[in-house]
Amino acid sequence: MKKQIVAAVLFACTSAFLSTSALGTPESKPDAEINNGGVASLRGNVELNTQQQPEALKKVIADRGPIERQYVHQPPMIPHNIRHYEVDLNANKCLSCHSWKNARESGATKISPTHFETREGMTLSDVSPRRYFCLQCHVPQADAAPLVENEFKPVDALN
């Protein structure tokens, strides 16, 4: 009974809050700007209800050899274009070259043995489900400026 009363009160309060005209939603004031509070995001200092043209896609650097790593345990970057690669529950285009079976023939880098281990440290005969979606960690190198200024210096021991 108490849960039902609490739920009814919360529903009433939420409904009253959302129906308040002081919120100034775009639906209630179509010409009003929604203020971003002076916060500049990656879109720039633009009001929230303003549509901008999206930036052009960054140019992926042409196929080349492996890219140097900048820190210990950095996932290797992808040194080639992966546009239209299918990596989903049913297919993984990366494995057509990088699997242990195909790497020698294709000349690609083999998948690390760590990608065959479960969380419990058990070694599997195929890529572990937690490592199957390569693009979670591995990304292609693009010709793009840093999003924010930084003073990062690579680890000396890796160069």
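The order of 55, 149 by accessible area, most exposed first and with a 1.4 Å probe, is 149, 55. Would you please give the FRET efficiency between residue 84 and residue 136, computed as 1/(1 + (r/R0)^6) with r the Cβ-Cβ distance and R0 = 30 Å, to the nearest 0.05? The calculated FRET efficiency here is 0.95.
Taken along the Cα-to-beta-carbon direction at a fixed 7 Å, the label points for residue 40 and residue 57 span 2.9 nm. Taking all protein chains together and rolling a 1.4 Å probe, residue 133 ends up with roughly 80 Å² accessible.
3J(HN,Hα) along the stretch 50-62: 8, 8, 10, 5, x, 5, 5, 4, 6, 7, 6, 5, 4 Hz, from the Karplus curve 6.51 cos²θ - 1.76 cosθ + 1.60 with θ = phi - 60°, whole Hz, x for Gly and Pro.
Pulled fully out, how much extra length does the chain show between residue 103 and residue 145, if you take 0.36 nm times their separation in residues and subtract their Cα-Cα distance? Each step should come with its number before you reach the end.
Working: separation 42, 0.36 × 42 = 15.12 nm, distance 3.23 nm.
Length gained between residue 103 and residue 145: 11.9 nm.
Per-residue surface analysis assigns residue 118 an accessible area of about 30 Å², computed on protein heavy atoms at 1.4 Å probe radius.
Sort 101, 110 by accessible area with a 1.4 Å probe, largest first. Could the numbers behind the result be given before it?
Numbers: 101 175, 110 105 Å².
Final ranking, largest accessible area leading: 101, 110.
Could you work out the local net charge near residue 69, counting Lys and Arg as +1, Asp and Glu as -1, over the other residues with Cβ closer than 14 Å to its Cβ?
Details: positive: 153; negative: 68, 156.
Counting the neighbours of residue 69, the net charge comes to -1.
The values are calculated or read from the model by the stated rules, or taken from the named source; none is laboratory data. Note that the structure is predicted; figures quoted are calculated from it, not measured. So basically every Cβ, Gly included, is an ideal-geometry build from the backbone, and we count neighbours across all protein chains shown. Remember, those area values only see protein heavy atoms, side chains included, never the ligands or the DNA or RNA. Shrake-Rupley method; radii C 1.70, N 1.55, O 1.52, S 1.80 Å.
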